[in-house]
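Novice: One structure, pasted below without further comment.
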Number of protein chains: 2
Amino acid sequence: MALGKDYVHQQCSIARALEVVGERWTLLVVRDAFYGVRRYNDFLVHLGVPRAVLAARLQALVEAGVLDRRRYQESPPRDEYVLTERGLALWPVLRSLGAWGRAEVPGAVPVRHFHHADCGTELGSYGECPACRIPVPPADVEMRPGAGLDPDPGDPVGRALLRPRRLLVPVGREDVSEAGNS
Amino acid sequence: MALGKDYVHQQCSIARALEVVGERWTLLVVRDAFYGVRRYNDFLVHLGVPRAVLAARLQALVEAGVLDRRRYQESPPRDEYVLTERGLALWPVLRSLGAWGRAEVPGAVPVRHFHHADCGTELGSYGECPACRIPVPPADVEMRPGAGLDPDPGDPVGRALLRPRRLLVPVGREDVSEAGNS
DNA sequence: CAGTTAGGTTCATTCAATGAACCTAGAGTG
DNA sequence: CACTCTAGGTTCATTGAATGAACCTAACTG
């Protein structure tokens, strides 16, 4: 990884984090993992990333301990990629990046809203629940579509993510399979 | 910017944030700006980034409204790059990335510690003060060297950052100028 | 007026991203 | 039992960006 070669001598834990998640597409792969995407093909169609790049990123994330590659069926051997504890710890990074992108990038209409599932309150910029005054773990976060969300994405995974969802819950096969069931 | 071309169709404020700060070196430039680095040459020696890349990144950050380029002397015209409000809003992103890099990247010895200047308490993972229970704005953060910090960095800016410092306070010329005053 | 400093630009080379094509192995279908 | 589909890749030529060295400019310094 090119970043690593240059960042290694940087005296900074930010640089060390960027060695792992700072490459192109990597954080979007992790984001999709939080959204419940687990399979190679689902990442592929949802991100629109080249296959070779996706394979390289998934492998790098597994080696870094961010994702766990696990066999979910044997007959045709199929693996899925699931966030580890280390990967789950990236939630504040994604949350703060998303909050910044929504608040500070001009012309941004809210695309998704994140709520504390226990009480329904929308999360604050730090991923905390303003009502309960606690940092909300991703498993307790409910994602709801916002006004800026494209109502008809081209890929089945994007369509599955139109509905309110709990984070980390795997995208169901029934959501993804049939294309045009309106 | 290559990222923009591909991320634009992504329905996500994380992707929009990455269009601005997701490129190689960009977040490290912003980090240095928080550390008090303001001048082209100081970024250059501290980051070890190619000159052309630094010029492109600074220009992009100015266009994105993250940095403000301001003339600080006329006689030889010299500009400095200072964080805007929008740039200051990136502090939670850097803080959470740094916290993750320290906690989750194996073999990481703490390089710098960040404390609430008002009370001296070390910041939590979200950039909050655990004692005062408030998010600490970067101007109120004191940075102190940690055990993992190289005690003799090769560049004068790195040496200036060895001492405890308030964030955003510009790196003084007297810190940077003389090389080997032990 | 020679040297230095700040802040760049230009250019050839290297390296990674892209996207299309191809590969493999098992599953379902007629 | 041939055909085709699906999941999960690999390979390869092309494109594009990063790299680092060299060069440029303008002003100040001794």
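Read the figures in this text as sums done on the coordinates, not as results from a lab. Owing to the predicted nature of the structure, the values given are computational and were not obtained by experimental measurement. Neighbour counts run over all protein chains shown; Cβ positions are idealised from the backbone, glycine included.
Novice: When the Karplus curve 6.51 cos²θ - 1.76 cosθ + 1.60 is applied with θ = phi - 60°, which whole-Hz ³J(HN,Hα) does each residue of the stretch B:163-172 get, with x for Gly and Pro?
Specialist: 7, x, 9, 7, 4, 6, 5, x, 5, x
Novice: Further question: Counting only other chains, and only Cβ atoms inside 10 Å, what mean value do you get across the residues of B:21-34?
Specialist: 4
Novice: Under a Cβ-only charge scheme (Lys and Arg +1, Asp and Glu -1), can you give me the dipole magnitude of chain B about the Cα centre, in debye to the nearest 20?
Specialist: 180
Novice: Starting from the 7 Å offset along Cα-to-Cβ, what nm value, one decimal, do you get for the label separation of A:ASP155 and A:ALA56?
Specialist: Reported label-point gap for A:ASP155 and A:ALA56 is 1.8 nm.
Novice: Separate question: How large is the direction-averaged shadow of the alpha-carbon convex hull of the stretch B:24-87, in nm²?
Specialist: 4.1
Novice: Using alpha carbons only, what's the Rg to Rh ratio of the protein assembly as shown with Rh from Kirkwood?
Specialist: 0.98
Novice: Please report, in debye to the nearest 20, how large the charge dipole of the stretch B:24-87 is about its Cα centre when each Lys and Arg carries +1 at its beta carbon and each Asp and Glu carries -1 there.
Specialist: That gives a dipole near 140 debye.
Novice: Can you list, shortest first in nanometers, how far B:TYR40 lies from the same residue in the other copies, with each label 7 Å from Cα toward Cβ?
Specialist: 4.8
Novice: Going 7 Å from the Cα of A:ASP79 toward and past its Cβ, which residues in the stretch A:31-47 have a backbone nitrogen under 16 Å from where you end up?
Specialist: Under 16 Å, as judged by backbone N against the label point of A:ASP79, lie A:38-44 of the stretch A:31-47.
Novice: What do you get for GluC sites (Glu not before Pro) in the stretch A:82-182 restricted to DSSP loop and a cutoff of at most 10 other Cβ within 10 Å of the site's Cβ?
Specialist: A:GLU178
Novice: Normalise the Cα radius of gyration of the stretch B:1-137 by 2.2 N^0.38 Å (N = residues in it) and let me know the number.
Specialist: 1.16
Novice: So how far, in whole Å, is the C-alpha centre of the stretch B:46-110 from the one of the stretch A:101-124?
Specialist: Using only Cα atoms to place each centre, the spacing works out to 25 Å.
Novice: Given R₀ = 22 Å, what would the calculated FRET efficiency be for A:ALA139 paired with A:ARG69, taking r from the Cβ atoms and rounding to 0.05?
Specialist: 0.60
Novice: Write out the cysteines belonging to chain A for which the nearest other cysteine Cβ is not under 4.7 Å, or none if no such cysteine exists.
Specialist: Cys with no partner Cβ under 4.7 Å: A:CYS12, A:CYS119.
Novice: While we're looking at this one, here's another question. Tell me, what is the Rg over Rh of the stretch B:90-171, with Rh the Kirkwood radius over Cα pairs?
Specialist: Rounded to two decimals, Rg/Rh equals 0.96.
Novice: Quickly estimate the mean residue ellipticity at 222 nm for chain B, helices only: each DSSP H run with n ≥ 4 gives -39500 (n - 2.57), and the total goes over all residues, rounded to 500.
Specialist: Result for chain B, helices only: -11000 deg cm²/dmol.
Novice: Another question about this same structure. Using a label point 7 Å beyond Cα on the Cα-Cβ vector, give me the inter-copy distances for A:VAL53 in nanometres, one decimal, shortest first.
Specialist: A:VAL53 label point versus its equivalents elsewhere: 1.7 nm.
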